[in-house]
Amino acid sequence: MKEKEYRYAAAARTGLLFLKGVPGVAFGDRVSIRDRHGRKRNGQVILSSEELVMVQVLEGTDDLNLDDTWVRFLDQPFELALSPDLLGRVFNGIGEPRDERPPIISRLRRNVNGEPVNPVARAYPREFIQTGISAIDGLNSLVRGQKLPIFSGSGLPHNRLVAQIVRQSRLLGEESRFVVVFAAMGLSYADARFFREDFENNGVLGNVAMFINLADDPPIERLILPRTALTAAEYLAFDLDLHVLVVLTDMTYYAEALREVATAKGDVPTRKGYPGYLYSDMAEIYERAGRVHKRHGSITMVPVVSMPSDDITHPIPDLTGYITEGQIVLSRELNNQNLYPPVNIPPSLSRLMKDGIGKDDTREDHPRVASQLYAAYARALEVRNLASIIGRDELPDLDRRYLDFADQFEQRFLAQGPDEDRSVIQTLNIAWELLSLLPGEVLSRVSETDLARYHDWEGGK
Amino acid sequence: MKSGRIIEVNGPLVQARLPGIANGEQLRVGELGLTGEVIGLDGERALIQVYESTEMLRPGEEVVPLGHPLSAELGPGLLGGIFDGVQRPLRAIMESAGEHIPRGLALPALDRKKHWDFIPEASLRAGQEIRGGMVLGRVQETEAVEHRILVPPGIKGELMELAGAGRYTLEQTIARVRTPLKGIQGLSLLQRWPVRQPRPYARRDDGIAPLLTGQRILDTFFPLLKGGKGAIPGPFGAGKTMLQQQIARWTNADIVIYVGCGERGNELVDILESFPELTDPYSGRSLMERTLLVANTSNMPVVAREASIYLGVTLAEYYRDQGHDVVMLADSTSRWAEALREVAGRLGQMPVEEGYPAYLASRLAAFYERAGRVDTLGGDSGSVTLIGAVSPPGGDFSEPVTNHTKDIIQTFWALSKSLADARHYPSVSWTESFSDAVEAAARWWSREISPAWQARRAQALDLLARAEELSRIINLVGVEALSPAQRWSVEAASLVREALLQQSALDEVDSYCSPQKQFALLDLAMSLYQRGGELIDNQVPVSALLQLPALARLRRAKNSYGNEQLDALARLKEDMQDQLDKLARDYREGRS
Ligand SMILES: Nc1ncnc2c1ncn2[C@@H]1O[C@H](COP(=O)(O)OP(=O)(O)OP(=O)(O)O)[C@@H](O)[C@H]1O
Ligand SMILES: [Mg+2]
């Protein structure tokens, strides 16, 4: 079967190629296609019946004709060759070099789809990662093996934030840094260059494996790219015992490519035209983050998801939020005030924070301080809203303190430089300076011991 | 039944030529021996859903019918276990195959080699007539749970022999019975039941006792009965999973079945790692001894997700039939509905709303219908309580799954994004939630805890609703526009929110709140509100009330005093009364 080449496709449209009378083709099989100019394309079987085989062509079906297209079924799934040499290299979505260097040669090859991890084999992630960013470390801590996306929007500084996380992330009391698997789907040329230069300037390029599909590369390739990249990440983490940070940017372009193919196939559309399986499809990707018993390495994942029209209820951020272990949401409003990083605190969340902070991990008061800051800031935002209606002067004294708290929280806690690397203790100390703007009676989320120890209330300075 | 050949592979949906096959029948599919189920017939073509990835499966490969529908294995050894959606034992799979789940690996759900101590039912004699549901004997499955070995439903005849006390494996014969239709049949500790078919019972009863969860907003404000059906809808991150895990930890049921349906792997690990270390507040034993997990995480094949819900409820009914109170938690029923939608779509069935097939509502109703308190065939009483999380897209409760679920269930715990954003947990909204079980629960609370329960509860909800109204006014014109009595309502409501409704799962003291403590806190808050209101009518300013030391203590009472410190709460009530009386005196005297 592998050797046989088929000609005369029955139809070719919107990225799909249809062949008739090719029996026994495997579902998911990798396909090699030669067009009439002798150029090679890659495909994958997405439906196989006795009568009809449907092939999804990663490079699209533009410029294909029916009579002069030659198709070979390779009788194998998409696989990635694995070796330590992956680091420091740049590949396309199916793992072919993009950096004019030779392909990776290895006998170890794995199916890029992976196999689902047995939940029993997982180890619960609980090791605190210090990113040096207060909005994350203090309020939405990241732990090793977590999947924590950044919900952003066009023009917001998610790239700068991701680069800062990559640069600064480390485990407290450990020297070893992360190796990075960088997976770009639909990235602009300028953004790709930004990351490359940032890695280069920090001397980490040799510790990064890049899988790149740019904005003008074929969109269907984006469907396989994160799977290829994660196959590399799993190898680095679980075969080579490395701690891997996976950046996936931008999952919105991934999902759009999925919708394009789904529409072409005639799948039943659900919200905003996305197919019903978008959730499961994205889960196959996101759930590959984590830790596994008896393996030393880990996969921590930071996907970027841009919210179309800044709408967090759009299916892509929405379903992502339903799968990942929290989210860091960026705010256009804060960004317009030139506040960096413009993290929108109320909707941001880290679900794994609870097991990674506190007494033995960061500081004993951390869980309660985080909860108190959230509660106080939520109250302060309500007051700010009210003040905009009835005026600041009409507010009771306590409410005016809350207003002050909100401003200071944003200016001193949230705001920091793109190169400013704060220790988590510094972050917690700033938190207490802010809580000291409010009287102890309203701080019911912290304990009385905390108040005695850290609260520096002078009755309104 | 003869084997057939695959004609088409379309993701998890396979077609094969299999004339004469029946809907629902199980199959081995392809060279790898994947497991599948017939879900439709079209002439000679069988439409098959496959529970495992069909990658590299091809037309022409063989399909072998197994002659039975998807069935659960029932017997000792289920508790403490973790199974996938079609009951493959995940621990045994890890031992034999490592950290990934390979395809085509068929392992029996229950350990065939393990011996169990069986004690026959003393009253049974050879020659006696026995029928389905009767207790043949007992096995102490875990220290906490006695497993009753029942005559399988449908069997009726003369008991010829019952084994003596001793150690038996699951497949050894422990009894023989002569039935009129099928002759002599051997019974063992192991039986099977088709998961899509509800297990029979003698009679259905109304619920009479609340399912206690130790969560104030649930038990005190929106109770659910043992044998009831409840739903927890909420947007992502609102706390559905945490709330279900809290229920799994603290509920007063005998058995807990937790179904992770299309959700995160780490959440199951969380349970697996923490439950063995936690103690059941009722039996004093490790929580894992009464817990059973069904796990079909979001990265596992979609179709098995659909089956996982039915597997879970069948296991629940099996323990119910032994006379236990069982709770099944499903996280999330939306992922189950999506699996249904996925298969319907591939079958080309007409979508009616948001891509869901027309039968979504009836399937949901049929599933929840399997909840209930019943008289068992064996003359015992048992219950299955079903609690499903719902994950509405965009947090929009008008979407089909939330909407239909709302019509079916009795208790609706609606989670609110704005509460979660302010880290007010559990983020159960007191305006959108409801419970049809308050009357029945009130009888229990009144009898066991206090006759004042129902009145106090109503007062608190009333206060919360009033404060909600008032906050709208504040947002228009500021707090200064309110009368002192109105301001006191706003303050008291905020106290109720903090001191009662908010309850952190992560707080060691407050994670579980006994019904006695729940009522004590409720009573404290409400008597403060009432008496405070009287003072305000007598010109005592709100600010003076807010400065009472007892009020600050009440704010922190939930985590300052444990469940056993009811006397401290009683003292707090006395202190509060004293302080209020003193305040009233001071103002009377000051004025005169
Ligand atoms: N009762 C609670 N006490 C303390 N924290 C809570 C509570 N409920 C929720 N949280 C916090 O909220 C986070 C999210 O909760 P959870 O994972 O239960 O949300 P969910 O509704 O199940 O979300 P999803 O639909 O995405 O699964 C938790 O990780 C925890 O930090
Ligand atoms: Mg959840």
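The values are calculated or read from the model by the stated rules, or taken from the named source; none is laboratory data. From a predicted model like this one, the values you see are computed outputs, not experimental measurements. Positions of Cβ are generated from backbone atoms using ideal geometry, with glycine treated the same way; all protein chains shown enter the neighbour counts. Ligands, DNA and RNA are stripped out before the accessible areas are found, and what is left, the full protein with its side chains, is counted by its heavy atoms. Shrake-Rupley method; radii C 1.70, N 1.55, O 1.52, S 1.80 Å.
Brief remarks follow.
- Checking each residue in the stretch A:48-78 for being touching a residue at least 40 places away in the same chain (Cβ under 8 Å) and either among the charged types (D, E, K, R) or in a strand (DSSP E or B) (or both) picks out A:52, A:54, A:56, A:57, A:59, A:67, A:68, A:70, A:71, A:72, A:73, A:75.
- For the stretch A:348-366, filtering for residues that are among the small types (Gly, Ala, Ser) and part of a strand (DSSP E or B) leaves 1.
- Residue within the stretch A:387-404 that is outside any helix (DSSP H, G or I) and either modelled with pLDDT of 95 or more or more than 10 Å from chain B (Cβ to nearest Cβ) (or both) present: no
- Test: residue in the stretch A:388-409 that is surrounded by 18 or more Cβ atoms within 10 Å (Cβ to Cβ) and under 28 Å from residue A:126 (Cα atoms): yes
- Of the residues making up the stretch A:265-282, those that are open to solvent by less than 20 Å² (accessible area, probe 1.4 Å) and either more than 11 Å from every other protein chain (Cβ to nearest Cβ) or part of a helix (DSSP H, G or I) (or both) are A:278, A:279, A:280, A:282.
- Output for the stretch B:19-30, where each listed residue is at pLDDT 95 or above and either more than 33 Å from the chain's Cα centre (by Cα) or closer than 14 Å to residue A:27 by Cα (or both): B:29, B:30
- The set of residues in the stretch B:269-320 that are within 16 Å of residue A:121 (Cα to Cα), in contact with a helix residue (DSSP H, G or I) (Cβ under 8 Å, 6 or more places away or on another chain) and of a type in the set (Asp, Glu) contains only B:270.
- Within the stretch B:207-237, if we keep just the residues that are within 16 Å of ligand 1 (Cβ to nearest atom) and in a strand (DSSP E or B), the residue that is farthest from residue B:170 (Cα to Cα) turns out to be B:233.
- Residue that is surrounded by the fewest Cβ atoms within 10 Å (Cβ to Cβ), among those in the stretch B:531-559 that are out of contact with any Phe, Trp or Tyr (no Cβ under 9 Å at 6 or more places or on another chain) and within 13 Å of residue B:581 (Cα to Cα): B:534
- Put simply, of B:38, B:64, B:50 the only residue that is in the same structural domain as residue B:14 (by TED's automatic domain parsing), open to solvent by 30 Å² or more (accessible area, probe 1.4 Å) and β-branched (Val, Ile, Thr) is B:64.
- Residue A:350 being within 16 Å of ligand 2 (Cβ to nearest atom), closer than 21 Å to residue A:160 by Cβ and among the hydroxyl-bearing types (Ser, Thr, Tyr): yes
- One residue alone among B:388, B:378, B:394, B:382 is within 16 Å of ligand 1 (Cβ to nearest atom), under 26 Å from residue B:227 (Cβ atoms) and either buried (at least 20 other Cβ atoms within 10 Å of the Cβ) or modelled with pLDDT under 95 (or both), and that residue is B:388.
- Condition broken by residue A:108, with the remaining ones in (1) in contact with a Phe, Trp or Tyr (Cβ under 6 Å, 6 or more places away or on another chain); (2) not polar (S, T, N, Q); (3) not assigned by TED's automatic domain parsing to the domain that holds residue A:32 satisfied: (1)
- Unique match (being open to solvent by less than 10 Å² (accessible area, probe 1.4 Å), more than 14 Å from the chain's Cα centre (by Cα) and aliphatic (A, V, I, L, M)) among A:162, A:204, A:181, A:208: A:208
- Total residues in the stretch A:211-243, condition open to solvent by 30 Å² or more (accessible area, probe 1.4 Å) and among the aliphatic types (A, V, I, L, M): 3
- Residue-level check: of (1) within 14 Å of another protein chain (Cβ to nearest Cβ); (2) open to solvent by 60 Å² or more (accessible area, probe 1.4 Å), residue B:93 misses just (2).
- The residues of the stretch B:478-501 that are open to solvent by less than 40 Å² (accessible area, probe 1.4 Å), in contact (Cβ under 8 Å) with a residue 12 or more places away in the chain and more than 14 Å from residue B:530 (Cβ to Cβ), listed by number, are B:482, B:490, B:494, B:499, B:500, B:501.
- In the set B:318, B:310, only one residue is in the same structural domain as residue B:252 (by TED's automatic domain parsing), open to solvent by less than 10 Å² (accessible area, probe 1.4 Å) and either touching a residue at least 24 places away in the same chain (Cβ under 8 Å) or outside any loop (DSSP other than H, G, I, E, B) (or both); that residue is B:318.
- Leading residue by the ranking (nearest to the chain's Cα centre (by Cα)) among those in the stretch A:323-347 that are at the interface with chain B (Cβ under 9 Å from one of its Cβ atoms) and outside any strand (DSSP E or B): A:324
- Complete set of residues in the stretch B:207-254 that are open to solvent by 10 Å² or more (accessible area, probe 1.4 Å), more than 10 Å from ligand 2 (Cβ to nearest atom) and within 14 Å of another protein chain (Cβ to nearest Cβ): B:235
- In the stretch B:238-251, the residues that are near ligand 1 (Cβ under 6 Å from one of its atoms) reach residues that are in a helix (DSSP H, G or I) with C-beta atoms within less than 7 angstrom, at least six apart or across chains, in these pairs: B:238/B:417; B:238/B:420; B:239/B:420; B:241/B:267.
- Failed condition for residue A:366, given (1) more than 15 Å from ligand 1 (Cβ to nearest atom); (2) over 18 Å from the mean Cα position of the chain (by Cα); (3) not polar (S, T, N, Q): (1)
- Test: residue in the stretch B:288-298 that is of a type in the set (D, E, K, R), more than 16 Å from ligand 2 (Cβ to nearest atom), within 17 Å of the chain's Cα centre (by Cα) and part of a helix (DSSP H, G or I): yes
- Per the listing B:204, B:192, B:178, the residue uniquely in contact with a strand residue (DSSP E or B) (Cβ under 6 Å, 6 or more places away or on another chain), free of Cβ contacts under 8 Å to residues at least 24 places away in the same chain and in a strand (DSSP E or B) is B:178.
- The stretch B:12-27, residues that are crowded, with 18+ Cβ neighbours inside 10 Å and out of contact with any Asp or Glu (no Cβ under 8 Å at 6 or more places or on another chain): B:13, B:16, B:21
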